[in-house]
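Chemist: Please see the structure below; I have some questions.
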Amino acid sequence: MTPSPTSIRLIEPYGGTLVDRIVPMSEIPELERGTTGVMTLTPGAEIHFRNIATGCYSPLTGFMSGAEYRSVIRTGKLPGGQDWKVPVLLHADALTARDVREGMLVALTDQAGSRIGAIDVRDIFEIDQDEYCRLVMGTNETEHPGVRNIVRQGTVCIGGEVSLFADAATPETLQSSPRDSRAALDATGKDSFTAFSTRNIPHRGHEFQHRIALDRTDILGIHVITGATVTGSFRSGAVLDIYDMLISEFYPRGRVFLNNLRLPPIYAGPNEAFLQATVLQNLGYTHFVVGRDHAGVGSYYGRYASQEIFEIPSTLGIEILPLPEPHYCPHCDKIATEEMCDRPEFLEKLNGRDVRRLLVEGRHEELAEILRPEIRDALIERQHESPLFIE
Ligand SMILES: [Zn+2]
């Protein structure tokens, strides 16, 4: 392992040290001899697992134990004192829950059955789903997709340090590990880096926010969050491609980075925004754009609840760039916030759902208010070639 890139310019990883749990398989002889248990990770658990091992979730070195879990949901802190809002749990299926014992080393496989790592089981514990949902999601209504996720996964969890095999550590397309991201930011020679996270095609309101970020700090990192497959949402490949085009054709050269940020579906609104901030600090970012209803779902969280959570002093080093919601003003024919217009009652909302609806219904003229023409045309063209949305 090369030493992790450190620079006095870069923000510290959360907790002070960038976690690295990537090991050659030969360092775990029990696994080579096949004398361990085996557990298959769900796609969401695999994302958590890789994020722990590559340092995205520093200072976590494994899936949470019962003590860590209870500390996080009841006090909002890890036992070490760092603020942490979303538990990182490995839910065991019934068969695994029956066979696994504390002290065992369990091989972890992906959905295809390939061994990608291991967990050193330190704790097996049960969670109270109702308490989890109330404290993490702020609701236990079963219509909430995050609540449904938790209920589906059962109550038994396995905690312990993880190792990711070096052979299985290949990143996804456009995905930067914390180590690589920090090295790339360091190489710019600059010292202020703003992260913007999104799951959607960039509309004019997003561009408006990107330009504010570029005005305030040196570098903008656009992090397309992938890993959740929600029916009806844009395919992540399309979002990444459109962003790639936007950045290379319209944004200042060398000042905008694109990253494929893998996160499982959580839907925890403000608490999820806090987790994103944690990951982005570990990736080396100093600032984070938080807009309206960031990481929200339906109308469960207040319009600016995800900004308010950061008003409480915390152990995070990354600073929040809270931005008001951009709208389209038909009166001025401009993107504007409520502060900028004389006729705020006429402001029109901009959102990904409208883009989807207008595209599907072929109402391309109306898309012009929401998207720049180059993006609209690229989407229309792409729509003819391959499915744009998850079915
Ligand atoms: Zn106006």
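Chemist: May I ask which residue of 359, 299, 337 lies farthest towards the positive end of the charge dipole of region 294-365, with charges of +1 (Lys, Arg) and -1 (Asp, Glu) on Cβ and the Cα centre as origin?
Modeler: My answer, from the dipole projection, is 359.
Chemist: I've got another one for you. Would you work out the charge dipole size for region 22-168 about its Cα centre, treating the Cβ of every Lys and Arg as +1 and the Cβ of every Asp and Glu as -1, and quote it to the nearest 20 debye?
Modeler: 200
Chemist: Right, something else. Under a point-charge model restricted to the Cβ atoms of Lys and Arg (+1) and Asp and Glu (-1), what is the dipole moment magnitude of the chain relative to its Cα centre, in debye to the nearest 20?
Modeler: In debye, rounded to 20, the chain gives about 240.
Chemist: What is the Cα radius of gyration of region 253-362 over 2.2 N^0.38 Å, N being its residue count?
Modeler: Cα-based Rg divided by the globular estimate yields 1.23.
Chemist: Compute the semi-axes of the equivalent ellipsoid of region 196-331, taking the square root of 5 times each eigenvalue of the Cα gyration tensor, and list them largest first in whole Å.
Modeler: 21, 18, 17
Chemist: When the chain is fully extended, how far beyond the present Cα-Cα distance does residue 303 get from residue 338, taking 0.36 nm per residue of separation?
Modeler: 11.2 nm
Chemist: Additional query: Rounded, prolate or oblate for region 229-289? Axes are the square roots of the Cα gyration tensor eigenvalues, ordered a ≥ b ≥ c, and the cut-off for rounded is a/c under 1.5.
Modeler: Judged from the Cα gyration tensor, region 229-289 comes out oblate (a/c at least 1.5, b/c at or above a/b).
Chemist: When the helices in the chain are scored as -39500 (n - 2.57) per DSSP H run of 4 or longer and the sum is shared across all residues, what 222 nm value do you end up with, to the nearest 500 deg cm²/dmol?
Modeler: Dividing the helical sum by the residues of the chain leaves -9000 deg cm²/dmol.
Chemist: Counting residues in region 56-168 as N, plug N into 2.2 N^0.38 Å and put the Cα Rg over that result.
Modeler: On the way: Rg = 14.5 Å, N = 113, 2.2 N^0.38 = 13.3 Å.
So region 56-168 has a normalised radius of gyration of 1.09.
Chemist: Okay, moving on. Where both residues lie in region 178-385, what percent of DSSP beta bridges are antiparallel, nearest 5?
Modeler: Details: 4 of 23 bridges.
Approximately 15 percent, going by the DSSP bridge assignments.
Chemist: Restricting to the chain, what percent of DSSP beta bridges are antiparallel, rounded to 5? Could you put the intermediate results ahead of the total?
Modeler: Values: 23 of 48 bridges.
Here the antiparallel bridges make up roughly 50 percent for the chain.
Chemist: Please state the charge dipole magnitude for region 178-385, taken about the Cα centre, from unit charges on C-beta atoms (+1 on K and R, -1 on D and E), reported in debye and rounded to the nearest 20.
Modeler: In total the dipole reaches around 500 debye.
Chemist: Counting other Cβ atoms within 10 Å, keep those with at most 11, restrict to DSSP loop, and tell me which trypsin sites (Lys or Arg not before Pro) in region 31-120 are left.
Modeler: Details: sites: 33, 50, 70, 74, 77, 85, 98, 101, 115; in loops: 85, 101.
For trypsin sites (Lys or Arg not before Pro) across region 31-120 that sit outside H, G, I, E and B with at most 11 neighbouring Cβ atoms in 10 Å, the list reads 101.
Chemist: Kirkwood Rh, the chain, all Cα pairs: how many Å?
Modeler: Numbers: mean 1/r = 0.0453 Å⁻¹.
Answer for the chain: a Kirkwood hydrodynamic radius of 22.1 Å.
Chemist: Same structure, new question: Got a sec? Charge dipole of region 175-236, +1 on Cβ for Lys and Arg, -1 for Asp and Glu; which of 184, 209, 236 is way out at the positive end?
Modeler: 236
Chemist: How big is D, in µm² s⁻¹, for region 147-273 by Stokes-Einstein at 37 °C and 0.692 mPa s if Rh is the Kirkwood radius over C-alpha pairs?
Modeler: Translational diffusion coefficient: 196 µm²/s.
Taken together, the values in this text are just the output of simple stated rules run on the coordinates, not laboratory data. Quick caveat: nothing in here was measured; it's all calculated off a predicted structure. Glycine gets a Cβ as well: all are built from the backbone with ideal geometry, and neighbour counts include every protein chain shown.
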